[in-house]
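Laboratory data are not the source of any read-out in this text; all were calculated from the coordinates shown. Keep in mind the model is a prediction, meaning the values are calculated, not measured. Cβ: placed from backbone, ideal geometry, glycine included. Neighbour counts: every protein chain shown.
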């Protein structure tokens, strides 16, 4: 074993720190900000019962540097399930979004929407969603908050409108697969992450913890209504798609939303 002088060790340590710094800087440069904190110019709205681009009643808005979902100008919800799409599709990537639930909820929305929202990914192009189509063909990172009753209600689950996934070695017939996350109450900021490898492995993380993994997202299943039949080719693997934030009757805030494209498969 070689013995190094104190000076040599200092030089080696300096080189290591410099290399680490360079790698960190490059890593930061790889991130692309999706929400700029100012406007929604890079986003496309599609709300059930409305044409693409119609942000009915200012559902999606930017206030105080936050991207907000609100229902101030709604008289009734009328199943206006909405989605706010980033303008371009992605395939393999690491997505980060921070969210918190607000108090407002439309009481005529379905009960399951209470303290419930989501981030859709591998979604069909919003321009292909018909006016009376309720949900996009997509995979969902479901976001939930606790009811304040001390009972567990994990967030970071997987739901599959018009899709299927392989979980624990087989196509899982359930519409939603529960994660292992902790319960977070409304008003708490939570960091949700997706690591997506095209049509291969998908990982959900909540506040830094891996809470769910599955693979082979594909067209299939039910739940979606009013879609163009030519787009629902059951069994077709989903290698890429659009990312969208959900509005389904529950107010929610988003702040940092960023993405980093991935090149190598695991």
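What to note about this one:
- Centroid-to-centroid separation of region 86-126 and region 169-204 [C-alpha atoms, Å]: 12 Å
- What the pair-distance distribution of region 85-164 shows, using all Cα-Cα distances binned every 5 Å from zero, is 3, 11, 20, 23, 21, 14, 6, 2, 0 percent.
- Inter-probe distance in nm under a simple model that places probes 7 Å from Cα toward Cβ, at residue 255 and residue 91: 3.4 nm
- Label-to-label distance, nm, for residues given as residue 32 and residue 237 (7 Å Cα→Cβ offset): 2.3 nm
- FRET E, pair residue 78, residue 188, Förster distance 30 Å, beta-carbon r, rounded to 0.05: 0.50
- Helix 6-30 and the longest principal axis of the Cα set of the chain meet at an angle near 20°.
- Highest mean packing first, where packing is the average number of other Cβ atoms within 10 Å per residue, the peptides 130-136, 160-166 line up as 160-166, 130-136.
- Contour excess over end-to-end distance, with Cα ends at residue 103 and residue 200 and 0.36 nm allotted per residue: 31.2 nm
- Matching label, Kirkwood radius over Cα pairs in Å computed from the structure shown, candidates [x] 18.1; [y] 21.0; [z] 19.6: [z]
- Per-residue packing, averaged as other Cβ atoms within 10 Å, sorts the ranges 62-69, 89-96 into the order 89-96, 62-69, beginning with the highest.
- Virtual spin-label span in nm between residue 147 and residue 132, 7 Å along Cα→Cβ: 3.4 nm
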